[in-house]
Amino acid sequence: MKTQSKRRPQPLSPDSSPNPFDILTEEIVCKILDHLHNDPFATKVFSLTCKAFYFIESRHRRILKPLRPELLPRIFHRYPFVSHLDFSMCPRVDDNTLNVISFTWKATLQSINLSRSRFFTNAGLSSLFVNCSGLVEVDLCNATQLTDLAASAIAEAKNLERLSLARCKSITDMGIGCIAVGCRKLRSFCLKWCLRVGDLGVKLIALKCKQIRSLDLSYLPITEKSLNSVLQLQHLEDLVLEGCHGIDDDGLSTLDQSCKSLKMLNLSNCQNVTHTGLSSLINGTEQLQQIILAYGSSVTSDLFKCLNAYSKLQSIKLDGCTVTSSGIKAMASLHAPVKELSLSKCLGLTDDGLSILVQSHKDLRKLDITCCRKITYTSIDIITNSCTSLTSLRMESCSLVPKEAFVLIGARCSFLEELDATDNEIDDEGLKSISRCSKLSILKLGICSNISDEGLAKVGSSCSMLKEVDLYSTALASILIMTEILLVQTTKCSYCQAEGSEGLKDIRCVLMQRTWYLFFCVDLVVFLLFRSVAISDAGIAAIGDGCPTLEMINIAYNDKITDNSLISLSKCRMLKALEIRGCLGVSSIGLSAIALGCKQLTVLDIKKCFNINDNGMLPLAQFSQNLKQINLSYCSVTDVGLVALASISRLQNMTILHLVGLTPNGLAAALLACRALTKVKLHASFRPLLPQSILGYMEAHGCVFHWRDKAFQKEMDPKGWKLHFGRSSSEVP
């Protein structure tokens, strides 16, 4: 029998000239495609090269992330071997869609993400799970419409291994019981915020699903009654009990089971659990590696006495807890090889306590001391001298740490990959020292008024692996925030002689008459202007030239930033998130450069960039087809620009407050043209002006409107717009 040769792409036609790609086997072409999976546009261009490549790409594709349900019929037949479906960008998925999916990919489908989708019921799920017997992973987070009938449909997925039902608030113990009986191969199960699931449902899961490795019971109304069954799971490694207020010391003391396989335990926000209950819960555990006790009871010596026996403990998170000196000393005496320590917002942490800790745990890789306002140079000196292998140091708002301390970080912690120095006294000398950390990928310098282009230039030239940079309001925000603080404290208004908070209102009333804030605090402004060197185009150019893999940058409220900065950043082809809110010197010219150069851009905030108009929207519409989220508030964009943006097929989230040139007709046209929208933030004045039929149509297709009755003002947002790619399923609703 002859051995079959590898299939080769055929020429486009018998009469065509020789195709140089004919020498490539299908296996080689597939290997090429494997390297293009992170760039959807590269894959598209590849498939359009020739008919043979188009055919191979369609058979090679395993992952699909549809934008709109109406596009599904076109792809059902083109991609016959899809195994992973992600509908996180497709809010409207109904029963008919699930029914078609269940027959199209019944032999190949392994996972499906419906966490952002609505409009399907138990009928659609039943068809999906009955026909797609190979399903092993399903995400149904946020499906608040699902009831126990849907849970009984899920029970048909006999091979299911990973299931997330976070915020499925209508499912009860009865539905969970059905899943427990039907899905006995479950390894990971998330029930976070399933508020109608209690001890009975959790017991059934523990009794029937013996293969469980990860179990998230956050915010469930459960007690110790179900924990005995949970602790009998022989393969359980991760247990999350965050916010389970029904669990307390008295109940935990009655436990007579232990879980030897447990590696991670999360008891955050369990204020009724102290070291006594914890000791009962982890008794007999042999593999414990991570313990999370954030926002819980005080950290005392008794707590670490019960943890002292766990020699494999590597990560301890005590964020928001009150720590005692005896507790710190006991933590320092742990014999475990602690690699990660999180003490963010811990009250009571001082130089003495922190110094003892880091000197005892010199192998630390990650340390979080955010908002620990009592630590000084002494702590940083000992941290950098003891923990030279640190890869992550988060120290936002450590207000007593002087600028000299940051020189030590760069000089001694050369392996650093992440540094959060937001709202600190770091200066250019500190940045020059930190530039020695050549592996640095995340650098946050928001509200650091002592830095300038000189320090940034050194970082840009030395830290080529930077992916995230935060330079939020290094100068302008400091002035405006402090100005407003002074005005709040003004005892008497110079305009109307009113006192206290009434005076503030009248001052703002004066502002409406074009009297500047600065008129009331000249001395403070002069001081801050002298102190704040600020970041300009030269510093941003150094980042743009030296950091080709940059993905996120925040330069909001930097008043010296112009279009030249955006032109420099346009060289960063991997840029995904850009915030230039309040940068008065940028215009449509700079934004056009970003659109042309940064085609992977997904998040854009240009709020209060008054010089950006329709001329900036047109290039975005043409080249930024990956854009998912945009804030246009207070810009000079009109109907024309907004309608142009509507052509971006992936656009899901828009904030469009106070666009002076926007009319109800233009807004209506843009909304109808933008098919993928899931969230729109609008001024309440538009609500009665838009036809109710349009609003109803948009809502029926999965779009949620947030109406804001906010007066036009030039307010300062001291925290900025957090750069992100959409809310995660773990956030509290």
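Where a number appears in this text, it was derived from the coordinates with a stated rule and is not lab data. A quick note: this is a predicted structure, and the numbers were derived from the prediction, not measured. Cβ coordinates were reconstructed from backbone atoms using ideal geometry, including for glycine residues, and neighbour counts include every protein chain displayed.
Points worth noting:
- Identified option (computed percent of Cα pairs over 48 Å apart; candidates (1) 22; (2) 26; (3) 14): (2)
- Looking at region 564-648, the trypsin sites (Lys or Arg not before Pro) that sit in a DSSP loop and have at most 14 other Cβ atoms within 10 Å of their own Cβ are 573.
- Taking 17 Å as the straight-line reach from the Cα of residue 51, none of the lysines fall in range once those fewer than 8 positions away in the same chain are excluded.
- Using only side-chain charges placed at the Cβ, +1 for Lys and Arg and -1 for Asp and Glu, the dipole size of region 117-256 relative to its Cα centre rounds to 600 debye.
- Region 311-369 versus region 175-230: alpha-carbon centroid distance in Å: 33 Å
- Too-long pairs where the Cα-Cα distance tops 22 Å, listed order kept, from 339/439; 312/345; 608/679: 312/345
- Those lysines that a straight Cα-Cα span of less than 17 Å connects to residue 44, excepting residues fewer than 8 apart in one chain: 31, 65, 599
- Cα convex hull of region 98-175, projected area averaged across orientations, nm²: 4.4 nm²
- Cα centroid separation, region 590-662 to region 249-307 (Å): 50 Å
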